[in-house]
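Below is one structure, written out as structure tokens; the observations come after it.
The values are calculated or read from the model by the stated rules, or taken from the named source; none is laboratory data. As the structure is a prediction and not an experimental result, all values here were calculated from the model. In this analysis, Cβ positions are derived from the backbone assuming ideal geometry, glycine residues included, and neighbour counts consider all displayed protein chains.
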Amino acid sequence: MAKQNKRKIWYRALVVLLIFVVFGAVSTGYGLINTIFVNGEKYSKLAEQQQLQDIVTKAKRGNIYDKNMNVLATSATVWQLFVAPSNMDEKVKDSVAENISNLLNQKKYTKEKVLEILKKSTNYETIGQPVEQEAATKIREYITKEKLGSVIGLTETNERYYPNGNLASTVLGFVGKDNQGLGGVESQYDNVLTGTAGRVIAAKTPAGAELPFSYEKVVDAKEGDSVVLTIDEYIQSVVEKHLQENVEQNSVNNRAACIVMDVNSGEILAMATKPDFDPNEPFKLTLKSRVKKEVKKKKESNDGKISKKEKAEIESAAMQEQWRNKAVSDIYEPGSVFKIITGSAALEEKTLFDSDTFDCPGYIKIADRTYKCAHREGHGHQSLAQAFMNSCNPAFITIGQRLGAKNFMKYRKSFGLEDKTGVDLPGESSSSTHNTTGLMTNVELASESFGQTLKITPIQLITAISAAVNGGYLYQPHVVKQVQDSDGNVKQTVNSTLVRQVISEDTSKALCNYLEGVVSEGTGKNAYVPGYRIGGKTGTAEKTDIGTKEGEAKKYICSFCGIAPADNPQIAILMLIDEPGVDSPYGGTLVAPSVGKMFEEILPYLGVSANYTDSEAKELAVSTPSVVSKSVNDAKKEIKSKGLICSVIGDGKTVTAQSPNGSSIIPSGGKVVLYTDSKAKKKKVKVPDFKGLTVSEANDRAVEAGLNMYINGNTSDSTAYAQSVPKGKKVDAGTVVTVSFREIVTVE
Amino acid sequence: MAEKSEKRVNKKTSFRSYFKKTGKFDLTFFFLVAGLTVVGLIMLFSASAPYAASNRGSSYYFILRQLGFAVFGFVLMMVVSRIDYHIWQKFLGVIVFVTLVMLVGVLFTPAQKGQFHRWLDLGFIQFQPSEIGKFALILLLSFLIAKNQKRMTNFKYQIFLLFIIGVFCGLVLAENHLSATILLFTIGFVLMFVGGMSMKLVGGMAILGASGFVLAIITGLISYASDRIKYWQDPWLDTRGKGFQTIQSLLAIGSGGLMGRGIGQSNQKYLWLPEPQNDFIFSVVCEELGFIGAALIIIGFGLLVWRGFVIALKAPDKFGMLLSIGLVFQVGLQAVLNILVVTNTIPNTGISLPFFSYGGTSLVMLLVQMGIVLNISRSSKVEKV
């Protein structure tokens, strides 16, 4: 009995042990495996997230300087406000919202909007745009006063700032929300400029309590390197001023571009597209008229309706367009400017000689195709120099045919017109030419000989022309000269890269002569600047791919490429305007004057001294002496000695005022009005309309009105097309009005 | 007089006989206890240091106290291991009476830790009467079953025993201490099962237990227990509140991986895991020692239970056998339930891990009980290692 009982107990105890061991092992095993192996990764990630706070400290983005270390783009320290809504006491949210809204003082962030953010149940929300020092200080004071340090804070961040606004915007590009480079140098050199973000990795405790030992690891942010451009702020501003003026004057529809290149190094001294944008506000639409037009067009084709999406698409396209660097991203038919290439190739290959002559009956037949000359009646018998001056199409087609397709293509290639230039800017387009592998037909050759049917980028063309005039050396164009670290130590210098020699120095020299002729006597007269030897070539290309439908107006790209000084070229300027909205759209008329003005302001700056001929000297302007508070007699004497005349108003003995003021530039023989009675009313005169007048007519009219005229531009066979003071405006007698002249060139 | 004096002498000698030197104790069991205690202390130090530094001003706050209790407990264990375990029968009445008084008394103490009346504060000592309740119940049941072995076939007697279990369970349940109730019930059930309870009653008790559990949920404990079940199923329902401790435990265990971060390297103990020195110490163990360390510790507990059963089966009498089974089973079950809680396999019930969790009184109690098992092993027919 006892034994049986004992066995029963044994048996039951073993059952208990077995069940317990199995249950214990299985259940704890399940629990651990489930937590460690099945969900372990998820849990450990969550653990890490809560245990470590990883704060990224943004590196200050490097600056962009012009070649003389003027700041073109810089980063300013600003502060971003952030809050921890989930930890904020509900009761204070209303007053906090009101105060934050007032402190931020940003239109979009009304009290309601801020409150909406504060009502979220998240741990981290930013409010508003970053604020500057002053506002940040006020916010900090508020946080301290209200003891909100645990729920509101400011983080330091950097904001990109472009002190010159629009200047060089398509070259510089801009930055996005996270300071990442978008477009231009900002994008191309993003890695260099960005620097290395720093990190603060710190152990975190839920209550924010101190740890017995520190987990903090700080990796300092490394400021980005700075980039020094080849761009010269002064030259850039001169270029942009005249380009902008031109775009407005000629109602240019499809933007205009201009490049100034140092022909002996490939450095880009200026590069501009107009209209462009302000990189401080890159998302502000600048091509509004285009958007309006597109919207109207869409509406017409759609019963007067346009969906929000369609409108947004149009606006987005316009924005892409305003950022686009036309000088490197758009290809176009260069037209007659290309004759420089054809001519230099033929001279080099000795299929063309200085002594060659050409007969132009106004057209030329190649195979079954007839090419007309821009001058319908024909240029008749002409020398090579005259062919350049006249920009005669049949002559250059002939030159091309003599050169032959094979040679033409060889030079097209070696001038770099088939490949990208490799300029250090994003978005460079590839050119589009006939047949790069086989041989072109004679018709194709004929078209390309005078710059039609091939499409290249402006940067390709100016690079090629620079090579043609600098002795034949093709350089790779570039905009960045140097990379410097944040302390100004040079880290990298970009040297000029010689790609190859394309033509001989002799050929180059000969070519320069012909180009000078174009400006001194030919279609490029309007680019003439007294005292300087300017060479150049005009171009007017009919856009063959648009406007060919019946009833649609033909569209043109007018351009001019100038070089100076012609006897020893230093800089080249290529400017083109796409679809001018005026009559007689010729490069010589619409573009050459602007390039001339650019040269006039740039060459003295570059230290190129002017050599005036006698006739030029006569027209030379004089700086007026300052004679205020001098006796009338002395003043008169002084003014006369400068070759100026004067008229005195009032009976006083001393001069109380003068017009124009001292140091004003007026033409030789101009008039200075002296006032001797401070109470005497200044004599007012009405500014006449100078438009369409010749230089002498305009001068007569100015004298008649009691004004001084300052002559700008080419003066021979020219008429005025612009004046610095609008007609009808009342100004002081003697005021200097700048009148711009140009010759109407109707041939290419 | 003579009779009286003889009785006195008898009593005296018999009392002394409890201290009679008997056989050697079971070294395996001793080393298992010692090993678990040492590992428990090391892990307690590691787990509690940051919390202690932050909340008590010194990293050593918990470990120094626990170490003191451990030394004291060890001395007591060695002493108890030399006292014939039959002596506890002598004090049974007192122990049960005092325990019942405390279990009732604790219900009238001011509520601590929110709504729970679990702790008795006698000024110099703080403890949970339910801990003593477990010991008392094991002692009482072992005694009653062993002494009235023949009556175990008697249905009424079995019901009487069940009633005793019910009284203990009811009192602890009144403290709102569900886990202790479950422990008491399970231990009682196991002892009765081993002690010869009829299979009919086994089924009956199983049903009773289940329905009692259900009753507990749908009666006064509804908000408490059902909430626990809700946040057991998805602690992420309230990450910062009711699910917080469970989540932090899971994150600790999960980031331990196979090998662990290494001893002392837990991140979760840095104030993330609430009170890492208490019920959730095992999550820190897992984070620092990994799956392998955790498994070794579980195996340690398993060996302890196995050895306890071996001792029990070779015990000289039924009282010793049941006592040994009850005591080690209690430790093993508590360890399993604790691990199931920290891994969120079962709802959070507030159950500590023997040898590991901070608590001086309960460690001393535990070691004393282990001393009893050691004493049983002295007189058992186990081959001494």
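Worth pointing out:
- Looking only at residues of the range A:17-56 that are under 30 Å from A:Lys222 (Cβ atoms) and among the acidic types (Asp, Glu), we find that the one that is farthest from the other protein chains (Cβ to nearest Cβ) is A:Asp54.
- Scope the range B:37-66; condition basic (Lys, Arg) and in a helix (DSSP H, G or I); matching residues: B:Arg65
- Qualifying residues in the range A:248-289 (those that are in a loop (DSSP other than H, G, I, E, B) and hydroxyl-bearing (Ser, Thr, Tyr)) - the one surrounded by the fewest Cβ atoms within 10 Å (Cβ to Cβ): A:Ser251
- Verdict on A:Phe415 being among the aromatic types (Phe, Trp, Tyr), in contact with a Leu (Cβ under 9 Å, 6 or more places away or on another chain) and at negative phi: yes
- Residue check: A:Trp10 meets all listed conditions (1) within 10 Å of chain B (Cβ to nearest Cβ); (2) hydrophobic (A, V, I, L, M, F, W, C); (3) touching a residue at least 40 places away in the same chain (Cβ under 8 Å) but one, namely (3).
- Any hit, the range A:447-455, residues being in a helix (DSSP H, G or I) and buried (at least 24 other Cβ atoms within 10 Å of the Cβ): yes
- Test for B:Leu322: is it farther than 16 Å from B:Leu366 by Cβ, part of a helix (DSSP H, G or I) and more than 10 Å from chain A (Cβ to nearest Cβ): no
- Residue within the range B:270-279 that is facing chain A (nearest Cβ under 8 Å) and without any contact (Cβ under 8 Å) to a residue 24 or more places away in the chain present: no
- Wholly enclosed strands (runs of 3 or more DSSP E) of the range A:92-207 bearing at least 1 residues buried (at least 19 other Cβ atoms within 10 Å of the Cβ), free of Cβ contacts under 8 Å to residues at least 60 places away in the same chain and under 31 Å from the mean Cα position of the chain (by Cα): A:125-131
- Some residue of the range A:57-79 being surrounded by 21 or more Cβ atoms within 10 Å (Cβ to Cβ), more than 9 Å from every other protein chain (Cβ to nearest Cβ) and among the hydroxyl-bearing types (Ser, Thr, Tyr): yes
- Scanning the range B:148-180 for residues that are assigned to a helix (DSSP H, G or I) and within 14 Å of chain A (Cβ to nearest Cβ) gives B:Gln149, B:Lys150, B:Arg151, B:Met152, B:Thr153.
- Among residues of the range A:650-673 being free of Cβ contacts under 8 Å to residues at least 40 places away in the same chain and out of contact with any Asp or Glu (no Cβ under 8 Å at 6 or more places or on another chain), the one that is nearest to A:Pro530 (Cα to Cα) is A:Gly669.
- Answer residue from the range B:310-319, given it is surrounded by fewer than 24 Cβ atoms within 10 Å (Cβ to Cβ) and in a helix (DSSP H, G or I) and is farthest from the other protein chains (Cβ to nearest Cβ) among those: B:Phe319
- Residue match in the range A:62-73 (condition: under 30 Å from A:Asp278 (Cα atoms), of a type in the set (Val, Ile, Thr) and modelled with pLDDT of 90 or more): yes
- Qualifying residue in the range B:147-157 (condition: within 24 Å of the chain's Cα centre (by Cα) and either within 17 Å of B:Ile325 (Cα to Cα) or free of Cβ contacts under 8 Å to residues at least 40 places away in the same chain (or both)): no
- Matching residues in the range B:227-264 - criterion: being part of a helix (DSSP H, G or I) and hydroxyl-bearing (Ser, Thr, Tyr): B:Tyr231, B:Thr246, B:Ser249, B:Ser255
- Among the residues of the range A:395-413, those that are more than 22 Å from A:Gly472 (Cβ to Cβ) and either over 37 Å from the mean Cα position of the chain (by Cα) or not assigned by TED's automatic domain parsing to the domain that holds A:Thr357 (or both) comprise A:Thr398, A:Gln401.
- Total residues in the range A:80-117, condition among the charged types (D, E, K, R) and on the phi > 0 side of the Ramachandran plot: 0
- Check on B:Leu296, more than 11 Å from chain A (Cβ to nearest Cβ) and either crowded, with 20+ Cβ neighbours inside 10 Å or under 19 Å from B:Ser179 (Cα atoms) (or both): no
- Of all the listed residues (B:Val341, B:Val305), the sole one being within 8 Å of chain A (Cβ to nearest Cβ) and crowded, with 24+ Cβ neighbours inside 10 Å is B:Val305.
- Considered as a group, the residues in the range B:42-64 that are surrounded by fewer than 18 Cβ atoms within 10 Å (Cβ to Cβ) and away from chain A (no Cβ under 14 Å) include one that is farthest from B:Ile297 (Cα to Cα), and that residue is B:Leu64.
- Annotation note: of B:Ile376, B:Ile292, the sole residue that is outside any loop (DSSP other than H, G, I, E, B), touching a Leu at 6+ places or on another chain (Cβ under 7 Å) and under 22 Å from B:Leu141 (Cβ atoms) is B:Ile376.
For (1) outside the structural domain of A:Asn568 (by TED's automatic domain parsing); (2) surrounded by fewer than 18 Cβ atoms within 10 Å (Cβ to Cβ); (3) in contact with a strand residue (DSSP E or B) (Cβ under 8 Å, 6 or more places away or on another chain), each residue gets a yes or a no:
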{"site": "A:Val479", "(1), (2), (3)": "no, no, yes"}
{"site": "A:Asp487", "(1), (2), (3)": "no, yes, no"}
{"site": "A:Thr497", "(1), (2), (3)": "no, yes, yes"}
{"site": "A:Gln501", "(1), (2), (3)": "no, yes, yes"}
{"site": "A:Ser508", "(1), (2), (3)": "no, no, no"}
{"site": "A:Val518", "(1), (2), (3)": "no, no, yes"}
{"site": "A:Asn526", "(1), (2), (3)": "no, no, yes"}
{"site": "A:Gly536", "(1), (2), (3)": "no, no, yes"}
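- Listed by first and then second residue, the pairs linking a residue in the range B:76-104 that is part of a loop (DSSP other than H, G, I, E, B) to a residue that is of a type in the set (Val, Ile, Thr) and surrounded by 16 or more Cβ atoms within 10 Å (Cβ to Cβ), with Cβ atoms under 6 Å apart and 6 or more places separating them unless they lie on different chains, are B:Tyr85/B:Ile372; B:Tyr85/B:Ile376.
Every residue, every condition in (1) acidic (Asp, Glu); (2) modelled with pLDDT under 80; (3) loosely packed, with under 15 Cβ neighbours inside 10 Å, yes or no:
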site	(1), (2), (3)
A:Pro604	no, no, yes
A:Ser609	no, yes, yes
A:Thr613	no, yes, yes
A:Gly670	no, yes, no
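- Taken over the range A:154-168, the criterion of being under 16 Å from A:Gly62 (Cβ atoms) and modelled with pLDDT of 85 or more is satisfied by A:Arg160, A:Tyr161, A:Tyr162, A:Pro163.
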